[in-house]
1. Out of LEU329, LEU276, report the one residue that is over 30 Å from SER190 (Cα atoms), assigned by TED's automatic domain parsing to the domain that holds ILE399, outside any helix (DSSP H, G or I) and not basic (Lys, Arg).
2. Can we say VAL164 is touching a strand residue (DSSP E or B) at 6+ places or on another chain (Cβ under 6 Å), under 28 Å from LEU360 (Cβ atoms) and not polar (S, T, N, Q)?
3. Show me the helices (runs of 4 or more DSSP H) found entirely inside the stretch 132-199 where at least 1 residues are in the same structural domain as GLU94 (by TED's automatic domain parsing) and in contact with a Gly (Cβ under 7 Å, 6 or more places away or on another chain).
4. Checking the structure you have, find out if any residue of the stretch 60-80 is in the same structural domain as LYS165 (by TED's automatic domain parsing) and on the phi > 0 side of the Ramachandran plot.
5. Go through ASP133, ASP171 for me and flag whichever is of a type in the set (Asp, Glu) and surrounded by 15 or more Cβ atoms within 10 Å (Cβ to Cβ).
6. Please work out if ILE106 is within 24 Å of LYS210 (Cβ to Cβ) and aliphatic (A, V, I, L, M).
7. Among the residues of the stretch 259-278, is any of a type outside the set (Ser, Thr, Tyr), out of contact with any helix residue (DSSP H, G or I) (no Cβ under 9 Å at 6 or more places or on another chain) and within 24 Å of THR32 (Cα to Cα)?
8. So THR39 clears everything in (1) at pLDDT 95 or above; (2) part of a loop (DSSP other than H, G, I, E, B); (3) surrounded by fewer than 21 Cβ atoms within 10 Å (Cβ to Cβ) except one condition, right? Which one?
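The values are calculated or read from the model by the stated rules, or taken from the named source; none is laboratory data. The structure displayed is predicted, hence computed values, not measured ones. Cβ placement follows ideal geometry from the backbone for every residue including glycine, while neighbour counts extend to all protein chains displayed.
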Amino acid sequence: MAYRKSVLPNGIRVITENVSQVHSVALGVCITRGSRDETEEENGLSHFIEHLFFKGTEKRSARDIAIEMDEIGGELNGFTTREFTYYYARFLDEHLDKVWNLISDILKNSKFDPAQIELERNVILEEMKSFKDSPSDQVLHLLSGCLFEPHPLSWEIMGSEENVKRFTREDILNFHEKHYRGSNIIVGASGNIEHNKLVELVEASFEFAKESTLRKKDNFQKLTPKFKKAKKNDISQVHVALGTRIIEYDNELRYPWLILNTFLGGGMSSRLFQRLREEEALVYEISSFMELLSDTGTFDVYFLTDPKNVQKAMEYIWDEFRKLNKNGLEPGELKRTKEHLKGNLMLSLESMSSRMVRLLSNEMHLNKNISLDETIANIEKVDEEVLRSIANDYLISDIYSISKVGPKL
């Protein structure tokens, strides 16, 4: 597949991957700023602004925006993370001009109308209630607090209720002016897309100022295992998360960690699922996952179970960690895990949206593209020795923080 990259005079990066055999395009605009780039007083503004971009411009009302995408059978949405804010569209390739005209309009010309700000403020407050009603979301938020407080990575992406109620239109405009700048913008697309055509469209309509402040390098506090809990009596199971800090995205151990995470808790054949769900019947759900950021990362295990089984489930998790440290992998386990990863990777490449997200993630964290062949080669190079080394350093119970949400805590 043909990958191309251009950097415009105002710093905007345009990256494309042409997949000529399809008739669709997945297009994303990534603003490389998220909740970690906010001050405590600003916490929640990235997310608030993301909502407001869909609420009207000088040319289009919120209804017009929705109808315009529905008329072509497309999808338009956005979301906010700790490190970036992301706007994306999926559509038939013949509608590129129309979709880009819409996206560029909302990102450049949104009115941030006072009446719409008040309406969306209420929507976000309702979204926050939904978040607080979700024990799985709450337990992971508590774990972030254990791992990163007082750093902004421990804050809720939506911000505090107090902040959301307080934000003014001036706050929104100032934050937009500060962070929505050329050097912070990546436009990426996968599908039946002509690179030069997209570059022309972006150059003609995205007149963002170039200069931006660099993300400051953070010195995280020394990691000390912590415990947080939240009592929730209207549920019958306990949601538990345990985690520790690991590597950053741009680290040569990224591929070994991908394998380690997969065979520990990445599917129904994983060690944790087989032991705690299939053999011991202690949990309904258990999985492990990792989040790699620009300068740090986390490895987490999540499960839910009856309150009386929490301690026993924890003991079995620590036991699986110890067994991996002591005995390494079982015969054929490394090969099986590599094949599992390669299969998932190949299947994901059938989705233009997955391809586009992959393009943007690699550009944001690595400033380059990683081809499929290079990815597979990196997976294949991982040996048992490096996995044992990682296990010895990180699969140790006394470096893990724990959070719990449920009754009878």
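1. On inspection, the qualifying residue turns out to be LEU329.
2. The answer is no for VAL164.
3. 135-148, 161-166
4. Among the residues of the stretch 60-80, at least one is in the same structural domain as LYS165 (by TED's automatic domain parsing) and on the phi > 0 side of the Ramachandran plot, which makes the answer yes.
5. Criteria check complete, one pass: ASP171.
6. Judged against the criteria, ILE106 is a match.
7. Within the stretch 259-278, not a single residue is of a type outside the set (Ser, Thr, Tyr), out of contact with any helix residue (DSSP H, G or I) (no Cβ under 9 Å at 6 or more places or on another chain) and within 24 Å of THR32 (Cα to Cα).
8. Among (1) at pLDDT 95 or above; (2) part of a loop (DSSP other than H, G, I, E, B); (3) surrounded by fewer than 21 Cβ atoms within 10 Å (Cβ to Cβ), THR39 violates only (1).
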